[in-house]
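**Q** Structure below; questions to follow.
The values are calculated or read from the model by the stated rules, or taken from the named source; none is laboratory data. Note that this is a predicted model, so its numbers are computed, not measured. Ideal geometry is used to build each Cβ from the backbone, glycine not excepted, and the neighbour counts take in all protein chains shown. Ligands, DNA and RNA are excluded from the accessible area calculation, which covers all protein heavy atoms including side chains. Shrake-Rupley method; radii C 1.70, N 1.55, O 1.52, S 1.80 Å.
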Amino acid sequence: PGRSTTVPAGLFAVEPIEASEFVIEYCGQLIRKPLDDVRQRQYDAAGYADYMFAIDDSWVVDATLAGNAARFINHCCDPNCVARIVEVGGEKRIAIYTLRRIEAGEELHYDYKVGALGNGGALASGGMRAVAWRNWERHGLVQERAGCGMVHRWRRMDSSS
């Protein structure tokens, strides 16, 4: 993870990555869909931003407290990566692939496929759950326009993270 130009954290390529190449798996705790709303409320109460990615209508990967660096990949409407649900050994996993060649030092982005969040932040399956609008407002964080489009996630990080 590194310092993004649009939000406090981002993920950057340390070397060139060719087009259509696997980059990283989005890892975290696999939870049933009803539990993601409970966790969202818990994270809200604790002041945490959440990092949840819906695999399908039943399962969500919660990377908030037990995730890897993939959670720092930010949203972009003109992304250089794509998230795909793939099956490995009969289990659904979230894999991030490049859409084009990415140069060393370039920030990785993918489209979270977040529609209108008027429903409190819920999404269709197969997309990253964005921090709900009320979290942004409560923490003094606002939507910002990045060069590539709307930023849908923001997490405060101190220098030790």
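**Q** Using 1/(1 + (r/R0)^6) with R0 = 25 angstrom and r between the beta carbons of Asn68 and Leu99, what's the FRET efficiency to the nearest 0.05?
**A** 0.75
**Q** OK, next. Please state the shape class of the range 3-103: rounded when a/c is under 1.5, otherwise prolate if a/b exceeds b/c and oblate if not, all from the C-alpha gyration tensor.
**A** Because a/c hits 1.5 or more and a/b fails to exceed b/c, the range 3-103 counts as oblate.
**Q** Which net charge results for the neighbourhood of Glu15, defined as the other residues with beta-carbon distances under 15 angstrom from its beta-carbon, given Lys and Arg at +1 and Asp and Glu at -1?
**A** Around Glu15, the surrounding residues sum to -4.
**Q** Put Asp78, Asp111, Asp50, Asp56 in order of accessible area, largest first, 1.4 Å probe: what do you get?
**A** Listed by decreasing accessible area, they come as Asp78, Asp111, Asp56, Asp50.
**Q** If you rank Leu11, Leu30 by how much accessible surface each has, with a 1.4 Å probe, what is the order from largest down?
**A** Of Leu11, Leu30, the descending order of accessible area is Leu30, Leu11.
**Q** Same structure again: Mind checking the range 1-86 for GluC sites (Glu not before Pro) that DSSP puts in a loop (not H, G, I, E or B) and that have at most 11 other Cβ atoms within 10 Å?
**A** The qualifying sites are Glu18.
**Q** Leaving out ligands and nucleic acids, note down the accessible area per residue over the range 32-102 with a 1.4 angstrom probe, in whole Å².
**A** Here the per-residue accessible area is 47 Å².
**Q** What is the local net charge at Ile85, summed over the other residues whose Cβ is closer than 9 Å to its Cβ (Lys, Arg +1; Asp, Glu -1)?
**A** +1
**Q** Show me 58-68, 98-108 ranked by packing, highest mean number of other Cβ atoms within 10 Å first.
**A** Top to bottom by mean Cβ count within 10 Å: 58-68, 98-108.
**Q** Check each of the trypsin sites (Lys or Arg not before Pro) in the range 1-91 and keep only those in coil by DSSP with at most 14 other C-beta atoms within 10 angstrom; list them in order.
**A** Arg3
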